[in-house]
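Coordinate-derived values only; no laboratory data. Predicted model, so just to flag it, every value in this text is computed and none were measured. All Cβ positions, even for glycine, are placed from backbone atoms using ideal geometry, and neighbour counts span all protein chains on display.
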Amino acid sequence: METDNRRSPGNAGAFAQLAIAWLTMFVVGSDLFVVSPLLPLISADYAVPASAAGLSVTVFAVTYMLSAPALGHLADRVGRGRVLTWCLCAFGAANLLTAIAGDFTWLLATRIVAGAAAAGVSPSIYSLAGSSAPPERRATRLAIVVSGLLMSLSFGTPIGLLTAASLGWPIVFAALGGLSLLLAGANNRVWHDPSAATSRAALAHRLTATVLAARLAPTVLWSAALYAMYTYLGEGLSASGYSTEEIAEAILFYGCGAIAGTLIGGRIADRLGANMTISIGLLGLSSCLLLLLVALHLGVVVNGAFGLASLSAQLFFPAQQLRLANQFPSSPATILAWNNSALFLGISLGSLIGGQAVAFGGFQTDLIIAAAIAIVGWITNQDGRRRHAEVRITPPHPPCGVKVG
């Protein structure tokens, strides 16, 4: 009983950290995903074309991609908890300013600030959640935190859209801003990061351009394969004769598969290792995209195929985060920030490639190309594992003047 009592404060602290991290990613994700369905309302209020209103999504994503590595590096230098709190405060303020932006130019400026601030939140949260977990539970904790981001797509976005329809779109950003400021205080209380500050030499250790490209190539290829399909999911199903309700049902299955895949991927990575889970995820994504192609052709179990493809795909992300954090223990926020930038780069490439594939041969061609990209990602990952293993088994050079044998 005494042992249980001693353990309970630590368990309660871990639960509070996990819950606050999950809520933080849910709020950040809601802000990221809610803008797209609000574009018609924003366009009407500011009297700008829909294409111009879409710039509010573009500037957020581009700023996030460009800012993440610098803010991740800063977090490893001055403290992940400190940068997390600062960025959440900036994120909250940017959303409050979005709600009261007097013209479209000011709205774009606030979205740029929001994108930069969000780029500092995610890698800090991931590195803190991973480093605070026992080694055998690290990927599971990371997966739970990532599930907050995915849940925001399934629940946060619809709630925001319904709120905007009844109360106006500014109230959505005002609510997100207020919640962000509350979460800044909550995160500041639960995270203790005494060993966060590291030397410049430690941060530079092995983070060369060549190493980053090799380690992050699977993330770029994975997200390119996934979003080449997902970006044109609605258009592909519509061209196949699916109604709006049927498309919404397919997206629901896709979202549920993504959440399940993330949580399962974390458990598998903790049990089988990150490398094995990454390989399973990439091969599973490729196979399930081809299965989806067959399902669409036959007109059977299409929703199940979408859900299975999403589940298989999401095995990858928590395992990749775990592997990167383990490979770069002195700079986890930096490498996870680079991984987030690689994710956004892959999304951009996937959307571009998918658009060309759909224009050339329809959604079926898009699925084939996406499956091929996933296979290239698997091959790249296998080659990276082999070369990394070779580096690890290379015997070190003896000190100068020491004879061997």
Quiz item: For a paramagnetic label modelled at 7 Å from the Cα of residue 359 toward its Cβ, which residues of segment 33-60 fall within the zone defined by backbone nitrogen distances under 18 Å?
Solution: 51
Self-check item: Cα-based shape type of segment 295-376, given that a ≥ b ≥ c are square roots of the gyration tensor eigenvalues and the cut on a/c is 1.5
Solution: oblate
Quiz item: Percent relative contact order of segment 11-191, based on C-alpha pairs within less than 8 angstrom and at least six residues apart?
Solution: 39
Self-check item: Convex hull volume per residue in cubic angstrom - Cα atoms of segment 317-361
Solution: 62
Quiz item: Relative to the present Cα-Cα distance, how much length would full extension add between residue 298 and residue 248 at 0.36 nm per residue of separation?
Solution: 16.0 nm
Self-check item: Mean Kyte hydropathy of 0.0 or more with a Cα span along the axis of at least 24 Å, helices from DSSP in the chain
Solution: 2-46, 55-78, 80-99, 104-131, 169-190, 209-230, 244-272, 274-298, 332-393
Practice problem: Let me know the volume per residue of the alpha-carbon convex hull for segment 26-117, in Å³. | Solution: 84
Quiz item: Binning every alpha carbon pair distance of segment 11-191 at 10 Å from zero, what are the percents per bin?
Solution: 10, 39, 34, 14, 3, 0
Quiz item: Using just the C-alpha positions of segment 207-389 as equal point scatterers, what log10 of I(q)/I(0) does the Debye formula give at each q in 0.08, 0.10, 0.11 1/Å?
Solution: -0.24, -0.38, -0.45
